[in-house]
Structure formats: C-alpha cells, structure tokens
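Peer 1: Pasting a structure below so you can have a look.
The values are calculated or read from the model by the stated rules, or taken from the named source; none is laboratory data. These numbers come from a predicted model, not from an experiment. Methodologically, a virtual Cβ is constructed for each residue, glycine included, from the backbone with ideal geometry; neighbour enumeration extends over all protein chains shown.
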Amino acid sequence: ADTQMQHPGRVSFKFIDKMQLNDSVCYVKAAFPLMGKILERTEFKENSSNARKMQTVRRMYNRIDESVDPCIREEDDEERMLSQMCFKEFTTSPYEMLVLVKDFFQDIKRLLQNQETFEKDCSRVYRRACPGPKSAGSSPGVGTDPDCNCLSPA
C-alpha cells in the first residue's frame with residue numbers, strides 16, 4: 001500500500017513502550033516530547049491526503065505543547081531524567097509508526113475526557129518500569145560512569 005511517505009521503507013525513532021510503563025498518564029508525559037520529534041521528521045508527498053492530515057496533527061500537537069488546549073504539565077528535571085531511561089529505539093514500517101501516532105492522540109483524548117490533569121509525578125513509575133536506555137553491545141561500566149571524572153592511581 002502507498003503510505004504517501006516522502007521516504008518509504010523502514011523508519012527508526014525513539015519512543016516509549018506503552019506496555020512497559022503500564023500507566024497511561026506517565027506514558028503520555030514521557031512520550032510527548034518524542035512525539036514532537038516524530039511529527040517533525042515525518043514527511044509525506046506534497047499535497048497527499050496524509051500530508052494534509054499530518055499538518056492537522058502537528059497543529060494539534062503544538063496547541064497542546066503551548067498549553068493552549070489541554071495542558072500537559074512539563075516534567076520536572078528528575079522526572080525528565082527518569083523518563084529518558086524509558087526511551088526505546090523502534091524500527092517499524094511507516095504505517096506502524098502512523099498507527100502509534102494515532103493511538104497516542106487517542107490516549108490523550110481519552111485521558112482528557114476523564115478530566116485528567118497530568119499533574120501526577122511519574123518518577124516512581126519510571127524508576128520501577130525503566131531499567132535505562134537499551135544500547136546493544138556496550139560493555140557495562142565502560143565509559144558510561146558519569147560520576148567518575150578523576151584519574152585513578154596507576
């Protein structure tokens with residue numbers, strides 16, 4: 001099927017595994033900034049129906065982002081740091097990525113219909129659910145310890 005993508009093929013992007021978090025408010029809060037990046041990078045053939053839909057979705061996203069519409073309270077520093085440990089690299093077809101975008105906005109809509117304020121502090125949820133960024137093939141402890149900036153005695 002023609003997805004009308006500017007660059008068809010597989011797409012890779014960072015996002016949140018909704019099942020892993022198992023908390024829709026925290027999922028939306030953690031995934032929100034990543035969704036912005038996905039929307040920025042997704043390009044459709046000019047004037048295709050999907051390109052027009054994408055403009056609408058971007059406008060919707062920006063209204064939320066600028067707190068015009070529902071306000072998703074920004075995470076504080078600790079929360080943001082912890083939510084970044086939940087980021088996962090996804091590689092899917094463009095179609096699957098679009099389904100993810102659609103589901104994300106449906107989640108927001110459902111939460112808002114239930115009068116969700118997004119005030120919840122998600123630090124505990126992130127700590128419980130997210131072991132840290134998955135990076136394949138790096139040996140533990142090698143060049144990853146941010147606290148060690150002193151030379152060890154020879």
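Peer 1: Given the conditions (1) out of contact with any Ser or Thr (no Cβ under 8 Å at 6 or more places or on another chain); (2) at pLDDT 90 or above; (3) not hydroxyl-bearing (S, T, Y), which single one is not true for L112?
Peer 2: That leaves (2) as the condition not met.
Peer 1: Take the conditions in contact with a strand residue (DSSP E or B) (Cβ under 7 Å, 6 or more places away or on another chain) and modelled with pLDDT under 90 and apply them to N50. Does it pass?
Peer 2: It is true that N50 is in contact with a strand residue (DSSP E or B) (Cβ under 7 Å, 6 or more places away or on another chain) and modelled with pLDDT under 90.
Peer 1: Just one of the numbered conditions (1) in contact with a Lys or Arg (Cβ under 6 Å, 6 or more places away or on another chain); (2) surrounded by 12 or more Cβ atoms within 10 Å (Cβ to Cβ); (3) not in a helix (DSSP H, G or I) is not true of T91; which one?
Peer 2: Just one mismatch for T91, condition (2).
Peer 1: D103 versus (1) assigned to a helix (DSSP H, G or I); (2) at pLDDT below 90: which is the lone unmet condition?
Peer 2: The single condition D103 does not satisfy is (2).
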